[in-house]
Amino acid sequence: IEFLHSMLNSKLGLFEITEADLDEGYAFLKDVFTGEEYKIIDVGLSGNRNNDEAYIYTRIITYHDISFGTGLNFIFDKTDNFIQNYIQQHKKDYSPNGEFLRFTQLYNHYSKYPGKSKAVTIS
């Protein structure tokens, strides 16, 4: 029950991966709209050498002072013009209550262009 309650306070958002600690298995994320920073346990992200090339849309859950992503991530290439313009547009009128709508908009856009998106595995 405690874990389910922690999910009510989870953070859904679009993040920049600012740093990784492979030795400890941590990834450091920064919300692209608010600038809030998070330290999460994520062995996959902490070992990925291409983190500086991507944005990640994920949900962060904190339980007993340990933060982690849900594992269901939507990853965007930072050089993609659409995601760059999308971030600029939504920074102007950011509202924390619109996060699920933003996720849906991004998912719908990239679903229309299957050649622009691909499955990414982290080894």
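The values are calculated or read from the model by the stated rules, or taken from the named source; none is laboratory data. These numbers come from a predicted model, not from an experiment. All Cβ positions, even for glycine, are placed from backbone atoms using ideal geometry, and neighbour counts span all protein chains on display. SASA here: full protein model, heavy atoms, side chains in, ligands and nucleic acids out. Shrake-Rupley method; radii C 1.70, N 1.55, O 1.52, S 1.80 Å.
Set side by side, the residues 113, 86, 57 differ, and just one is hydroxyl-bearing (Ser, Thr, Tyr) and touching a residue at least 24 places away in the same chain (Cβ under 8 Å), which is 57. Residues that are within 18 Å of residue 11 (Cβ to Cβ) and either of a type in the set (Asp, Glu) or in contact with a helix residue (DSSP H, G or I) (Cβ under 8 Å, 6 or more places away or on another chain) (or both) within the range 42-63 comprise 42, 45, 55, 56, 57, 61, 62, 63, listed in sequence order.
Within the range 1-15, the set of residues being in contact (Cβ under 8 Å) with a residue 40 or more places away in the chain and of a type in the set (A, V, I, L, M, F, W, C) comprises 3, 7, 12, 14, 15. Filtering the range 33-90 to residues that are of a type in the set (S, T, N, Q), within 15 Å of the chain's Cα centre (by Cα), part of a helix (DSSP H, G or I) and modelled with pLDDT of 90 or more leaves only 84. Note on the range 33-60: residues that are closer than 22 Å to residue 104 by Cβ and open to solvent by less than 20 Å² (accessible area, probe 1.4 Å) total 5. Working carefully through the options 86, 94, 63, find the one that is on the phi < 0 side of the Ramachandran plot and open to solvent by 60 Å² or more (accessible area, probe 1.4 Å). Of the residues listed, the single one that is on the phi < 0 side of the Ramachandran plot and open to solvent by 60 Å² or more (accessible area, probe 1.4 Å) is 63. Residues of the range 1-32 that are in a loop (DSSP other than H, G, I, E, B) and either open to solvent by 50 Å² or more (accessible area, probe 1.4 Å) or not aliphatic (A, V, I, L, M) (or both): 1, 9, 10, 22, 23, 24, 25.
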